[in-house]
Amino acid sequence: GAVVSQHPSRVICKSGTSVKIECRSLDFQATTMFWYRQFPKQSLMLMATSNEGSKATYEQGVEKDKFLINHASLTLSTLTVTSAHPEDSSFYICSADQRGLGTEAFFGQGTRLTVV
Amino acid sequence: GENVEQHPSTLSVQEGDSAVIKCTYSDSASNYFPWYKQELGKGPQLIIDIRSNVGEKKDQRIAVTLNKTAKHFSLHITETQPEDSAVYFCAASRQAAGNKLTFGGGTRVLVKP
């Protein structure tokens, strides 16, 4: 099946710094990628929808200036958490849709962000 | 927007017994309903999905049923095994690809040997 790879799998950063998370579709082209956030023992909450070559669409309540999303190619989307605070500590997960095939979304393995 | 409710939040079953998880959704335009299994520290893995033109789908020990009129769908796991222990999420969207998924709250399943 299609593979979506996230990097890093874990990251610890200091308050006030920025951290970048990469999401790659390894063997298919992804027109659309989605970014989710998951707090402990909770469900996945969609943060934004990222379309290749255009601006991301953010869900209500998600600060676009804090969570910068770039989808520069059909195989790579990045999420940058800027000026991170401890409350940004969470599990961030991306998913990618396989272009043109109408199949299901494939999820990355997630990135555990801890802000200290 | 879409709202997906999932029950129960936790489910403990004896190995070999069946497990059933139920979800309801609010958007009548939703037509794609996947189920995901998530193990600790990992991303969700699709285990089965169903589209609105089908009422039931089965894959070995896993089955999903959909009632579009009542706007609910269920996951059935038969002959449960300890490795089925995980958190299961239902989701709904208006189409399989290119449309955002709305997730249920999750069900933590524990299969006791």
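Just so you know, all these numbers are worked out from the coordinates, no wet-lab data involved. Keep in mind that what you see is a predicted model, and the values were worked out from it rather than measured. Cβ atoms come from the backbone with ideal geometry, glycine included; neighbour counts cover every protein chain shown.
For the stretch B:79-113 and the stretch B:1-28, write down the distance between their C-alpha centroids in whole Å.
8
Identify unpaired cysteines across the protein assembly as shown, taking unpaired to mean no other cysteine Cβ lies under 4.7 Å from the residue's Cβ.
Cysteines lacking a close Cβ partner in the protein assembly as shown: A:Cys13.
Could you tell me which of the pairs A:Lys41/B:Lys58; A:Lys41/B:Lys37; A:Lys41/B:Lys68; B:Lys37/B:Lys100; B:Lys68/B:Lys100 are separated by over 23 angstrom between their Cα atoms in the structure shown?
Table pairs above 23 Å Cα-Cα are A:Lys41/B:Lys58; A:Lys41/B:Lys68.
Cα centroid distance between the stretch B:34-68 and the stretch A:36-97, in Å?
25
Using a simple spin-label model with points 7 Å from Cα along the Cα→Cβ vector, what separation in nm is obtained for A:Lys55 and A:Ser15?
With each label point 7 Å from Cα toward Cβ, the separation is 3.1 nm.
Compute from the Cα atoms of chain B the Rg and the Dmax, the latter being the longest Cα-Cα distance, and quote both in angstrom.
In Å, with Rg to one decimal and Dmax whole: 13.4, 41.
Taking springs between alpha-carbon atoms closer than 10 angstrom, which of B:Ala63, B:Ala92, B:Ala29 fluctuates most in the Gaussian network model of chain B?
B:Ala29
Calculate, for B:Ser18 and A:Thr114, the FRET efficiency according to 1/(1 + (r/R0)^6) with r their C-beta to C-beta distance and R0 30 Å; round to the nearest 0.05.
For R0 = 30 Å, the calculated efficiency reads 0.20.
Considering only A:Val81, A:Ala48, A:Phe28, whose Cα is most displaced toward the positive end of the charge dipole of chain A, charges sitting on Cβ of Lys, Arg (+1) and Asp, Glu (-1)?
In chain A, that residue is A:Val81.
Which ³J(HN,Hα) values in Hz, rounded to whole numbers, follow from the phi angles of the stretch A:75-80 under the Karplus curve 6.51 cos²θ - 1.76 cosθ + 1.60, where θ = phi - 60° and Gly and Pro get x?
Result, ordered by residue: 10, 9, 10, 10, 10, 10 Hz.
Going out from 0 in 5 Å bins, what whole percent of all Cα-Cα distances in the stretch A:1-94 drops into each bin?
3, 14, 25, 26, 20, 10, 3, 0
With springs connecting C-alpha atoms under 10 Å apart, model chain A as a Gaussian network and identify which of A:Gln29, A:Gln42, A:Gln98 has the largest mean-square fluctuation.
Of A:Gln29, A:Gln42, A:Gln98, the Gaussian network model singles out A:Gln42 as fluctuating most.
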